[in-house]
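Structure record follows, encoded as structure tokens.
The values are calculated or read from the model by the stated rules, or taken from the named source; none is laboratory data. Remember, it's a predicted structure, so these values are computed and weren't measured experimentally. Note that we place each Cβ from the backbone using ideal geometry, even for glycine, and neighbour counts take in every protein chain shown. To get the accessible areas, we keep the full protein, side chains included, count just its heavy atoms, and leave off ligands, DNA and RNA. Shrake-Rupley method; radii C 1.70, N 1.55, O 1.52, S 1.80 Å.
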Amino acid sequence: MPVAASAIYFLNLRGDVLINRLYRDDVGGNMVDAFRMHIMQTKELGTCPVRQIGGCSFFYMRISNVYIVIVVSSNANVACAFKFVVEAVALFKSYFGGAFDEDAIRNNFVLIYELLDEIMDFGYPQNLSPEILKLYITQEGVRSPFSSKQALDKPVPNATLQVTGAVGWRREGLAYKKNEVFLDIVESVNLLMSSKGSVLRCDVTGKILMKCFLSGMPDLKLGLNDKIGLEKESQLKNRPTKSGKTIELDDVTFHQCVNLTRFNSEKTVSFVPPDGEFELMKYRITEGVNLPFRVLPTIKELGRTRMEVNVKVKSVFGAKMFALGVVIKIPVPKQTAKTSFQVTSGRAKYNASIDCLVWKIRKFPGQTEPTLSAEIELISTIAEKKSWTRPPIQMEFQVPMFTASGLRVRFLKVWEKSGYNTVEWVRYITKAGSYEVRC
């Protein structure tokens, strides 16, 4: 079941009601008194954002100096309720010029009541898109003197069609001199490797970001080298699957613009894109991950006052590629007194605040193996020495034009009834998530 909210309240930090809206008659108007008495006055606001009092549940969130409280009397989707609050605050900010606090609410009572009537009907969330609501709620909010003046979108003739139709995320009448599409595949590699080089845990989380500057109402079709999509394409065209690397995408989530019916039948990503920047999809890869770096550490403890550290980092990607902003953090004991380094590339220093040797390489070419050698002198203590529990080595990096999953764009087609030409730009980048190697 969706939210099915019975009421929504906006309270200040003292518990005074700034504004409220009752959507159902299954709760009384004094429910806010129960929230104020049993939650606010008992100083339990920071313990849990969901509380049940009597037969009602209270979902609340603090934004600036305002508490937003949703009251429900039946079983409801808590995640949907908080998502509604976040989207509603973003909507209010778009009308108020970026500010949402007690003063902004007091200055915009009429506008907020009008918006609350539109974004929720009988307790069920409706359209919360600022671009669409501004087409027919054209009243400007009273803006903070510190916020920049932003012009409201001009209304278009088909506002009603956009609100009730299937393409509520894009308005008609858009026109650009140059029609361009930018597509970025951004991946984060998460790795835990043993000191002997065996992979203990590895996965890739990725997202496809797009920025569209297209006229009219274009229809886009994106093809990837995922296994299911290629097999479905071969079945529809009655021909064998092309040779080459295919990947299996897990936990895929799409933007609302994607045609899920066509994806289920054809396994292709078809959509009418929003204008500007948006996140098309997210995915995860757990098998066949191409690690961009391999770290080979050797740490020797020479008695109680000396250590030798040797670390070799090998870049596994192609020789024509390079990584940017590479940082290797090598842990050392807290009683480190003096360090000396030798590196074949980049710069290294000892950072006492994090107890690490920090090795930075601004530009790291592919198929290379720079090394770090360090001698560490430790402070000798009278107390019995405890064994040093070695934290893992951590890495940070960015590798342009490389994907750890092997995901590639096979095609990106743009169709619009006017038949204009488009320019498509595709970019790949792999970043370090939690990239750790035990030493």
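Any residue that is free of Cβ contacts under 8 Å to residues at least 40 places away in the same chain and part of a helix (DSSP H, G or I) - is there at least one of those in segment 3-17?
Among the residues of segment 3-17, not one is free of Cβ contacts under 8 Å to residues at least 40 places away in the same chain and part of a helix (DSSP H, G or I), which makes the answer no.
Kindly state which strands (runs of 3 or more DSSP E) lie completely within segment 40-106 and contain at least 1 residues that are closer than 26 Å to GLU140 by Cα and in contact with an Asp or Glu (Cβ under 7 Å, 6 or more places away or on another chain). Walk me through how you get there before you give the answer.
Numbers: elements: 50-53, 56-63, 66-72.
Where strands (runs of 3 or more DSSP E) fall fully within segment 40-106 and carry at least 1 residues being closer than 26 Å to GLU140 by Cα and in contact with an Asp or Glu (Cβ under 7 Å, 6 or more places away or on another chain), they are 66-72.
For segment 344-359, state whether one or more residues are under 24 Å from LEU200 (Cβ atoms), of a type in the set (S, T, N, Q) and part of a strand (DSSP E or B).
Among the residues of segment 344-359, not one is under 24 Å from LEU200 (Cβ atoms), of a type in the set (S, T, N, Q) and part of a strand (DSSP E or B), which makes the answer no.
Could you look through segment 415-439, keep only residues that are open to solvent by less than 40 Å² (accessible area, probe 1.4 Å) and of a type in the set (Val, Ile, Thr), and pick out the one that is farthest from the chain's Cα centre (by Cα)?
THR422
Of all residues in segment 164-208 being among the charged types (D, E, K, R), modelled with pLDDT of 85 or more and in contact with a Gly (Cβ under 9 Å, 6 or more places away or on another chain), which is most open to solvent (accessible area, probe 1.4 Å)?
Checking each candidate, the answer is ASP203.
Within segment 351-361, identify whether any single residue is at pLDDT 95 or above, in contact with a strand residue (DSSP E or B) (Cβ under 7 Å, 6 or more places away or on another chain) and charged (D, E, K, R), and answer yes or no.
Among the residues of segment 351-361, at least one is at pLDDT 95 or above, in contact with a strand residue (DSSP E or B) (Cβ under 7 Å, 6 or more places away or on another chain) and charged (D, E, K, R), which makes the answer yes.
Return the residues of segment 109-124 that are part of a loop (DSSP other than H, G, I, E, B) and open to solvent by less than 10 Å² (accessible area, probe 1.4 Å); say none if nothing qualifies. Reasoning before the result, please.
First, pick out the residues of segment 109-124 that are part of a loop (DSSP other than H, G, I, E, B): 122-123.
Within segment 109-124, just GLY123 meets the criteria.
Residue-by-condition table, conditions (1) over 24 Å from ASN127 (Cα atoms); (2) open to solvent by 30 Å² or more (accessible area, probe 1.4 Å):
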{"position": "ASP16", "(1), (2)": "yes, yes"}
{"position": "MET37", "(1), (2)": "yes, yes"}
{"position": "CYS56", "(1), (2)": "yes, no"}
{"position": "TYR60", "(1), (2)": "no, no"}
{"position": "SER74", "(1), (2)": "no, yes"}
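Quick one: SER215 ticks every box in (1) modelled with pLDDT of 90 or more; (2) touching a strand residue (DSSP E or B) at 6+ places or on another chain (Cβ under 6 Å); (3) not charged (D, E, K, R) except a single one, so which number is it?
Just one mismatch for SER215, condition (2).
Can you give me the ranges of the strands (runs of 3 or more DSSP E) entirely in segment 262-342 with at least 3 residues that are modelled with pLDDT of 90 or more, under 24 Å from GLU396 (Cα atoms) and open to solvent by 10 Å² or more (accessible area, probe 1.4 Å)?
Values: elements: 269-271, 276-285, 293-302, 306-315, 322-331.
Once the strands (runs of 3 or more DSSP E) in segment 262-342 are filtered for at least 3 residues that are modelled with pLDDT of 90 or more, under 24 Å from GLU396 (Cα atoms) and open to solvent by 10 Å² or more (accessible area, probe 1.4 Å), what remains is 276-285, 293-302, 306-315, 322-331.
Which one is modelled with the lowest pLDDT, of the residues in segment 39-54 that are among the aliphatic types (A, V, I, L, M) and surrounded by fewer than 19 Cβ atoms within 10 Å (Cβ to Cβ)? Reasoning before the result, please.
First pass over segment 39-54, keeping only residues among the aliphatic types (A, V, I, L, M): 39-40, 45, 50, 53.
Right, trim to surrounded by fewer than 19 Cβ atoms within 10 Å (Cβ to Cβ) and you get 40, 45, 50, 53.
On the way: MET40: 74, LEU45: 62, VAL50: 86, ILE53: 79.
The qualifying residue modelled with the lowest pLDDT is LEU45.
Can you spot a residue in segment 394-407 that is of a type in the set (A, V, I, L, M), open to solvent by 40 Å² or more (accessible area, probe 1.4 Å), out of contact with any helix residue (DSSP H, G or I) (no Cβ under 8 Å at 6 or more places or on another chain) and in contact (Cβ under 8 Å) with a residue 12 or more places away in the chain? Show your work before the answer.
Of segment 394-407, the ones of a type in the set (A, V, I, L, M) are 395, 399, 401, 404, 407.
Filter again for open to solvent by 40 Å² or more (accessible area, probe 1.4 Å), leaving 401.
Subset that is out of contact with any helix residue (DSSP H, G or I) (no Cβ under 8 Å at 6 or more places or on another chain): 401.
Next, from what is left, pick out any that are in contact (Cβ under 8 Å) with a residue 12 or more places away in the chain: 401.
The answer is yes, given that some residue of segment 394-407 is of a type in the set (A, V, I, L, M), open to solvent by 40 Å² or more (accessible area, probe 1.4 Å), out of contact with any helix residue (DSSP H, G or I) (no Cβ under 8 Å at 6 or more places or on another chain) and in contact (Cβ under 8 Å) with a residue 12 or more places away in the chain.
Report, by residue number, each residue of segment 76-89 that is open to solvent by less than 50 Å² (accessible area, probe 1.4 Å) and closer than 18 Å to LEU133 by Cα.
PHE84, VAL85, ALA88, VAL89
In the set SER380, SER353, which member is without any contact (Cβ under 8 Å) to a residue 60 or more places away in the chain, of a type in the set (Gly, Ala, Ser), farther than 30 Å from VAL181 by Cβ and open to solvent by 30 Å² or more (accessible area, probe 1.4 Å)? Can you show your working first?
Working: SER380 fails: without any contact (Cβ under 8 Å) to a residue 60 or more places away in the chain.
That would be SER353, the only listed residue that is without any contact (Cβ under 8 Å) to a residue 60 or more places away in the chain, of a type in the set (Gly, Ala, Ser), farther than 30 Å from VAL181 by Cβ and open to solvent by 30 Å² or more (accessible area, probe 1.4 Å).
Looking at segment 90-108 only, could you name the residues that are closer than 15 Å to LEU133 by Cα and either of a type in the set (D, E, K, R) or open to solvent by less than 10 Å² (accessible area, probe 1.4 Å) (or both)?
Initially, segment 90-108 is screened for residues closer than 15 Å to LEU133 by Cα, giving 90-96.
Once the filter is applied, which keeps residues that are closer than 15 Å to LEU133 by Cα and either of a type in the set (D, E, K, R) or open to solvent by less than 10 Å² (accessible area, probe 1.4 Å) (or both), segment 90-108 yields LEU91, PHE92, LYS93, TYR95, PHE96.
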